[in-house]
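What follows is a single structure, written as structure tokens, with notes after it.
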Amino acid sequence: MSDRRPAPTASLASPLQPGVERDPRPGLAGAAPESLLAWLLACGEPAYRARQVADALWRRHASTVDEMRTLPAALRTELAAAWRVDTLVESSVRPADRGLTEKALHRLDDGRLVESVLMRYPRRPGRRERATVCISSQAGCAVGCPFCATGELGFGRDLAVAEIVDQVRFWARELAGDGRHVTNVVFMGMGEPLLNVDAVLSAAAALTDPDRFALGGRHVTISTSGVIPGIERLTELRPPWTLAVSLHAARPSLRDVLVPLNRRYPVEEVVAAATAYARATGRRVSYEYVMIDGVNDTAADAAAVAALLRGRLVHVNLIPMNPVAHTAWLPSSPARVEAFAAALLAAGIPTTVRRNRGDEIGAACGQLAAERAGLPAPSAVQRRRELEVGAGAAALSDGRS
Ligand code: SF4
């Protein structure tokens, strides 16, 4: 159910209540085509029903069985008993940027909340209109990057394939209302995609399958904070998707703080794995770098990034940090961002600065869900600030003198 009121109200349920019963029916959009066909045949239906179900699901983005009007009533009843046409129980949309950005908070069957964001890019000279959807792959996240609101929530659970692709179908339905469609999907919402790698790979396959969502392979981006086994899985598959690595620091001691997964998968090894992906696929790897004032935006940091990435098939995106409640850190100033970009460009590294979309609606991942979950107690916020600022300062000074 889509609620397009300007701001969400308390209508969405709070996160998981102990003892809540899950809906046992799997999500229809997560079914592999051969499984769906086998189920229809077992129901005594002709094979062509599979095409009719797929059309309703992937072309008309049906969210209820009643919208599958090409199917006979008896089959719709059987479908509804066995499958969920939409795994998003309830959604609430918040617009920003004069309607160019919209953020949705979705409630799942167990009460957990996940977010997705639609970013519209109007037509420009030489550039077609685009509608990019940023989706979540997990409820919460175990990586715990200190500048990220999702990290503050902790890990909830992995999302199922249908729960991932239903976020895209949600926005496809919204866009269809004004004759538009989703042109790009980025796995950059809540969660670490490559820690839910099976579901993420299946979801990306469904989104780029010509018989299902039919998005061009190059229009899908999978991000990771550096899960090397997941990058290696991608390299073996050689998909046409773009790999994005959340870098945020090139100096290991600082990256240990900003991306705690660095202690398990060190940054040099992550870059080596990503470079193997670039070699195998011929696809440029995108490196995301959230810029935090006085923490990772110095000339020494730029030099470290240049030394790490020079001569590789890469593109660097600099993103001024979104302020979040639990840290004392602030976004880098435009002047510092420009100086950082200039240093990377001078080292021959293609670099762009990405403006954060929808700051005022909490576009930092997990921010809306964090609001819903209730902000942490002031004493916990203070303790965390002290720890992080202390750790950041220690890492900052490391190797500087
Ligand atoms: S930035 Fe990404 S990987 Fe890090 S805590 Fe947030 S969601 Fe997880």
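Structure values in brief
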item: The range 66-102, residues that are farther than 19 Å from residue 137 by Cα, under 22 Å from the mean Cα position of the chain (by Cα) and not aliphatic (A, V, I, L, M); result: 94, 95, 97, 99, 101
item: The lone exception for residue 137 - which of (1) within 16 Å of the ligand (Cβ to nearest atom); (2) touching a His at 6+ places or on another chain (Cβ under 6 Å); (3) of a type outside the set (D, E, K, R) it fails; result: (2)
item: Counted residues, the range 24-59 - those being touching a residue at least 12 places away in the same chain (Cβ under 8 Å) and under 17 Å from residue 170 (Cβ atoms); result: 7
item: Qualifying residue in the range 68-77 (condition: in contact (Cβ under 8 Å) with a residue 24 or more places away in the chain and buried (at least 18 other Cβ atoms within 10 Å of the Cβ)); result: yes
item: Answer residue from the range 146-171, given it is of a type in the set (D, E, K, R) and either over 28 Å from residue 210 (Cα atoms) or touching a residue at least 60 places away in the same chain (Cβ under 8 Å) (or both) and is farthest from the ligand (Cβ to nearest atom) among those; result: 169
item: For residue 71: the one exception among (1) within 16 Å of the ligand (Cβ to nearest atom); (2) assigned to a loop (DSSP other than H, G, I, E, B); result: (1)
item: Qualifying positions in the range 46-62 - assigned to a loop (DSSP other than H, G, I, E, B) and crowded, with 20+ Cβ neighbours inside 10 Å; result: 61, 62
item: Flag for residue 206 being within 19 Å of residue 171 (Cβ to Cβ), crowded, with 20+ Cβ neighbours inside 10 Å and either out of contact with any strand residue (DSSP E or B) (no Cβ under 9 Å at 6 or more places or on another chain) or not hydroxyl-bearing (Ser, Thr, Tyr) (or both); result: yes
item: Test: residue 143 is surrounded by fewer than 24 Cβ atoms within 10 Å (Cβ to Cβ) and within 10 Å of the ligand (Cβ to nearest atom); result: yes
item: Residue in the range 28-39 that is surrounded by the most Cβ atoms within 10 Å (Cβ to Cβ), counting only those that are hydrophobic (A, V, I, L, M, F, W, C) and under 30 Å from residue 177 (Cβ atoms); result: 29
item: Complete set of residues in the range 289-318 that are crowded, with 20+ Cβ neighbours inside 10 Å, in a strand (DSSP E or B) and within 16 Å of the ligand (Cβ to nearest atom); result: 289, 290, 291, 292, 318
item: From 92, 116, residue being assigned to a strand (DSSP E or B), away from the ligand (no atom under 16 Å from the Cβ) and assigned by TED's automatic domain parsing to the domain that holds residue 221; result: 92
item: Check on residue 280, of a type in the set (A, V, I, L, M), in contact (Cβ under 8 Å) with a residue 40 or more places away in the chain, assigned to a loop (DSSP other than H, G, I, E, B) and more than 14 Å from residue 250 (Cα to Cα); result: no
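Okay, residues lined up against (1) aliphatic (A, V, I, L, M); (2) surrounded by 23 or more Cβ atoms within 10 Å (Cβ to Cβ); (3) closer than 17 Å to residue 132 by Cα:
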| position | (1), (2), (3) |
| --- | --- |
| 214 | yes, no, yes |
| 221 | no, no, yes |
| 241 | no, yes, yes |
| 248 | no, yes, no |
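The values are calculated or read from the model by the stated rules, or taken from the named source; none is laboratory data. Predicted, not measured: the structure shown is a model, and the values here were computed from it. With ideal geometry, Cβ positions are generated from the backbone for all residues, glycine too; neighbour counts draw on all protein chains shown.
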